[in-house]
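What follows draws every value from the coordinates through simple rules; no lab data is involved. Everything quoted here is computed from the prediction, not taken from an experiment. Heads up, the Cβs are rebuilt from the backbone with ideal geometry, glycines too, and the neighbour counts pull from every protein chain shown.
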Amino acid sequence: MSNADYKNPVPSKSQHALIVQQLGLKIVSGEIPENEKLPSEAELCKEFQVSRPVFREAIRVLNAKGLTYSRPKIGTVVRPKDEWYLLDPDVLFWLIQSTPENEFFKTLSTVRRVLEPELAYIAASTATEEDIAQIKKAYEGMEKAASVEDFIQPDIDFHLSIARATHNDLLAYMSKMLVLPLQQSIQVTSLRPNLQGHSLPRHKAILTAIENKDPLSARHASLVQLDDTKMAYNLIKK
């Protein structure tokens, strides 16, 4: 998120983004509660030192993300949380920023436990040779990683390749939308000693099950890998 001070003039190109970021984070964090009206357009234009057209465009973006709605003679109101588009990359980013780390990790772990073992199960039935080659390529990237930073992207690619191997566009899209929180999770759990020694065998078991067209083993291997991730997080946070 930008560290710019919104009370100081900034170039017009970044004014719009800055308003979206500032108000979006305030809404997602609960600083501006659900069903509460935002301050008036005049007040916010003065606070952010922007013109009405720039401010209105920012509000249109927040409306499009499901965070707010605008009505004539009423103004702009924060929507209930269950109407927010939580898979929107910006909303996810603000959620990560404003939620205690352990709480967010618990939420993400539950989502991954619901999604990833079933993706592996399906992929073991649907993956083509080309799909398996992509999963294997990502795994080999994890093997070759010389640092934690080098490990993160191939780890993400491994999971995305499995999602694509289901040949279900909606599942692949959902997995892609979860890349940001997955990246945050991997960055934390990758801090444990002997990262590759712990992580690679679990991922290799998933790959092997998919190569062998063994859905039940793929699901089980994915659950084992997620259990290991949870254990790593708890160990690091002790």
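At 0.36 nm per residue, and after removing the present C-alpha to C-alpha distance, how many nm does the segment from residue 70 to residue 41 gain when stretched out fully? Write out the running numbers ahead of the final one.
Details: separation 29, 0.36 × 29 = 10.44 nm, distance 1.11 nm.
So the chain would gain 9.3 nm between residue 70 and residue 41.
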Per the helix-only calculation at 222 nm, which mean residue ellipticity applies to the chain, given -39500 (n - 2.57) for every DSSP H run of n ≥ 4 and division by its residues, nearest 500 deg cm²/dmol? -23000 deg cm²/dmol
Need the full-extension length gain, residue 77 to residue 128, defined as separation in residues times 0.36 nm minus the C-alpha distance. One decimal, nm. 13.5 nm
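So what is Rg over Rh here for the chain, counting just Cα atoms and using Kirkwood for Rh? The partial results should precede the final answer.
On the way: Rg = 21.3 Å, Rh = 19.9 Å.
Answer for the chain: 1.07.
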Determine the principal axes of the Cα atoms in region 90-207, then give the extent along each, sorted from largest to smallest and rounded to whole angstroms. 42, 33, 20
Once you place label points 7 Å from the Cα toward the Cβ at residue 149 and residue 98, how far apart are they in nm? 3.1
When the charge dipole of the chain is computed with +1 on Lys and Arg Cβ and -1 on Asp and Glu Cβ about the Cα centre, the Cα farthest towards its positive end, among 231, 25, 55, belongs to 55
